[in-house]
Each structure stands twice: as structure tokens, then as C-alpha cells.
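Report on the following structure.
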Amino acid sequence: MRVGLGFDAHRFAPGRVLVIGGVAIPFEQGLAAHSDGDVLIHALCDALLGATAGGDIGRHFPDSSPEYRNIDSRILLRSVAERIHAQGYRLCNADLVVIAQAPKLSPYVEGMRCNLATDLGVTSAQINIKATTTEGMGFTGRGEGIAAQAAVLVEQT
């Protein structure tokens with residue numbers, strides 16, 4: 001068994017769709033990024049790659065590459081899932097947290113869980129997602145952006 005940790009953060013940007021966990025969330029801004037800016041999926045990819053000594057998301061999907069411009073992060077997650085399966089690993093569970101002052105995310109959590117479980121080939125019971133604020137502190141608290149953290153447990157098959 002191996003453990004992986006991931007973190008990602010993006011600042012808000014006008015004129016973009018806010019996507020978290022593969023769910024488009026109604027909000028006045030999206031997240032600035034080369035891809036769709038899905039902080040939750042990016043943190044999860046980093047955790048999975050970390051657990052399997054596979055580097056990080058930037059190494060596999062560099063923001064200097066035009067092929068990843070505005071890409072749906074679920075495509076990246078499926079690629080990471082294929083990579084860890086090819087190495088003989090499977091996900092036991094993932095525990096994820098989104099850190100945002102706004103918007104309120106609880107109505108979208110089940111959709112996120114279903115998306116991630118589908119992309120990883122596991123059940124939604126293996127995916128836990130929490131949302132929290134920083135009580136007005138830091139860049140997330142000031143409403144400048146959103147961050148996410150991920151912890152995963154994988155095992156060799």
C-alpha cells in the first residue's frame with residue numbers, strides 16, 4: 001500500500017466557467033489556468049502520481065503544451081488512472097477537500113464524487129469530498145481563488 005498527497009490552487013478569472021470535480025458550478029468567475037482549472041482534479045492527479053512515484057501533473061501535462069490548452073481535467077484524470085493501473089496499482093480511497101470562501105459547494109459534491117469515481121473506475125464510496133472556508137483568512141478567504149488538497153491510498157493489484 002502507498003499513500004499520495006496532492007495540492008493545487010488557482011486564482012479567479014472573469015470570463016471562465018468554474019469547474020470543480022468535473023462539475024460546472026454557476027458562479028461569476030472561473031479559475032485562471034492553462035487547462036479548465038479544476039483544482040480538485042489537479043490535486044487528485046498529483047496525489048495519485050505521488051503515491052506511485054510518478055512525479056506531478058505538470059510533468060505529464062505541461063502548461064507550455066498547446067494540446068492541454070483549456071482541456072477538460074477529467075481527461076487528465078483518466079490518463080493518470082490508466083497510468084497507475086498499468087503500473088499495477090488500484091485506488092483504495094481518496095479523501096479530498098476544496099478550500100473556498102465562495103461559492104457554496106455542498107449542492108455539487110455528489111456530482112463530483114460520481115464523476116471522479118467514474119473516471120477512476122471505482123465506486124463513489126471510495127471517494128470522499130469535503131468543502132471548507134478559511135474564515136476570511138488568506139487568498140481563499142479574501143475570495144481571490146480556490147485551493148484543493150487530496151490524500152489517496154493505493155495498493156498493488
- request: Springs between alpha-carbon atoms under 10 Å, Gaussian network over the chain: tell me which of Val39, Val19, Val109 tops the mean-square fluctuations.
  value: Val109
query: Just Arg78, Arg59, Arg16 to compare: in a GNM of the chain, with alpha carbon springs under 10 Å, which one fluctuates most?
result: Arg59
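Go ahead and estimate [θ] at 222 nm for the chain from helices alone: -39,500 (n - 2.57) per DSSP H run with n ≥ 4, summed, over the residue count, rounded to 500. Walk me through the intermediate numbers first.
Numbers: 5 runs with 47 residues, N = 157.
Helix contribution divided over all residues of the chain: -8500 deg cm²/dmol.
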Net charge dipole size for the range 2-156 [Lys, Arg +1 and Asp, Glu -1 on Cβ; Debye, nearest 20]: 100 debye
field: HN-Hα J in Hz across the range 127-132 - Karplus 6.51, -1.76, 1.60, θ = phi - 60°, x for Gly and Pro
entry: 10, 10, 10, 10, 10, 9
field: Rel. contact order, % - alpha carbon contacts under 8 angstrom, at least six apart, the chain
entry: 33 percent
- prompt: Which residues in the range 126-141 place their backbone N less than 14 Å from a point set 7 Å from the Cα of Arg11 along the Cα-to-Cβ direction?
  reply: 139-140
statement: Output for the range 33-132: chymotrypsin sites (Phe, Trp or Tyr not before Pro) sitting in coil per DSSP, at most 12 other Cβ within 10 Å, listed by number, reads none
query: How many angstrom lie between the C-alpha centres of the range 8-54 and the range 134-157?
result: 11 Å
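Readers should treat all values here as calculations from the given coordinates under stated rules, not as data from a laboratory. As the structure is a prediction and not an experimental result, all values here were calculated from the model. Note that we place each Cβ from the backbone using ideal geometry, even for glycine, and neighbour counts take in every protein chain shown.
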